[in-house]
Amino acid sequence: MIGYIGIDIAFAADCLRKGELVAIPTETVYGLAANGLNEAAVVKIYAVKNRPQFNPLILHFPDFSRLQALGLHLPDKALELAARFCPGPLSFVIPGSPKIPGIVTAGTPAVAVRVPAHPVTLELLQQLDFPLAAPSANPSGMVSPTSALHVAAQLGDKVSYILDGGPCRVGVESTIISFLEERPRLLRYGGISLENIEAVIGKIALPEAGFVDNPIAPGMLARHYATRHPLVLGDAELLIRQAHQLDPIPRIASISLTRQFKDLPAAYQFCLSPSGNLEEAASRLFHAMRQADDMDIDLIVADRFPEKGLGLAINDRLKRAATADTLVFNMPLSD
Ligand code: TXA
Ligand code: MG
């Protein structure tokens with residue numbers, strides 16, 4: 001069943017006041033929103049996403065002046081970043097407050113906050129007297145939605161309303177920075193590049209490398225953004241050549257920045273930005289992953305993106321999409 005999609009902000013606000021779930025557009029990805037101060041409403045998010053309860057949620061505000069009434073405040077360096085990039089694809093993990101339900105913070109003494117840069121959702125947030133808890137509007141572990149139709153396809157019958165704000169401009173989730181320690185720490189690569197962050201507040205600590213069982217940002221879970229078909233990440237040309245030596249030869253779709261591969265039909269190749277623009281590529285990434293996944297194929301081969309700018313966020317998402325399933329193809333796993 002397809003949920004009810006529309007552009008009625010007042011209706012969305014009413015649903016949220018009643019403790020119902022509404023999918024909302026943001027500049028990064030669509031969110032699955034509930035009243036962030038209503039525990040019974042937030043519980044529904046976990047149920048609908050099948051999300052592990054240890055994975056806390058980001059609270060969305062129309063502006064950061066609303067933090068104070070909840071006993072929250074941004075440290076100085078966070079304020080500097082907020083002045084430069086917010087509203088925008090940046091989330092701050094800061095010390096929590098007893099006014100925030102434990103279900104939002106997963107019982108941790110910290111809370112994540114952000115002001116999304118989408119006019120529709122900013123208007124919605126203005127009309128509400130509570131922040132919205134909103135994870136990405138996909139079943140846990142699957143590819144995040146960057147259009148209202150993506151949400152409808154995956155969660156359409158589980159939300160009261162899908163507020164349509166068009167395709168997401170940024171296309172990967174917000175960058176998350178923790179301010180719990182002396183030195184700010186990057187928890188997730190996202191829509192604001194590391195270079196741009198460090199240009200404002202200087203060097204920050206980076207996420208701990210590799211898979212962590214009990215991650216500080218559980219979005220760092222190794223297996224995430226999973227496509228139905230196995231996905232391998234690396235030098236795509238090499239990977240395609242190796243795959244073509246297998247018997248039977250797998251049918252392949254490719255994802256790359258600019259490269260095209262002579263051994264694959266053009267229709268099976270997703271070049272995310274022919275001009276090599278990493279921001280454009282990020283905005284197309286999740287849609288391309290879905291399109292590739294919907295084709296009659298056996299394998300998705302993703303080319304490693306340049307390790308700079310939004311290329312870091314793109315590689316991060318592709319790494320998490322690459323799973324051990326790829327072993328069945330005897331393909332080298334991405335690191
Ligand atoms: O762009 C975005 O951030 C989107 C849109 C909808 O705003 N939201 C999003 O939410 O990506 P979600 O739940 O899919 O990812 C949020 C990440 C998770 O990895 C979660 O673990 C981390 O933020 N997080 C939330 N609260 C935290 C906290 N108190 N401490 C550490 N990490 C936290
Ligand atoms: Mg998510």
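The values are calculated or read from the model by the stated rules, or taken from the named source; none is laboratory data. If you're wondering where the values come from, they're calculated on a predicted model, not measured in any experiment. Virtual Cβ from ideal backbone geometry, glycine too; neighbours counted across all protein chains shown.
Some points to look at:
- Checking Pro215 against (1) more than 30 Å from Phe179 (Cβ to Cβ); (2) assigned to a loop (DSSP other than H, G, I, E, B); (3) at pLDDT below 95, the condition it does not meet: (1)
- Unique residue being near ligand 1 (Cβ under 9 Å from one of its atoms) and either free of Cβ contacts under 8 Å to residues at least 12 places away in the same chain or not basic (Lys, Arg) (or both) when the list is Pro101, Pro139, Pro109, Pro131: Pro109
- Of all residues in region 260-275, those being in contact with an Asp or Glu (Cβ under 7 Å, 6 or more places away or on another chain) and of a type in the set (S, T, N, Q) number 1.
- Of the criteria (1) over 27 Å from Cys15 (Cβ atoms); (2) surrounded by fewer than 19 Cβ atoms within 10 Å (Cβ to Cβ); (3) not small (Gly, Ala, Ser), which one Pro52 fails: (1)
- Of the strands (runs of 3 or more DSSP E) contained entirely in region 89-185, those carrying at least 3 residues that are under 23 Å from Gly202 (Cα atoms) fall at 90-95, 110-114, 175-178.
- Beta carbons closer than 8 Å, at least 6 apart along the sequence or on distinct chains, pair a first residue in region 173-199 that is closer than 16 Å to Leu79 by Cβ and more than 16 Å from ligand 2 (Cβ to nearest atom) with a second that is part of a strand (DSSP E or B) and of a type in the set (Ser, Thr, Tyr) for Ile177/Ser91; Pro184/Ser178; Ile192/Thr175; Ile197/Thr175.
- Selection count, region 72-112, where residues are closer than 23 Å to Ile197 by Cα, within 16 Å of ligand 2 (Cβ to nearest atom) and β-branched (Val, Ile, Thr): 1
- Helices (runs of 4 or more DSSP H) contained in region 8-86 and holding at least 1 residues under 18 Å from the mean Cα position of the chain (by Cα): 39-49, 76-85
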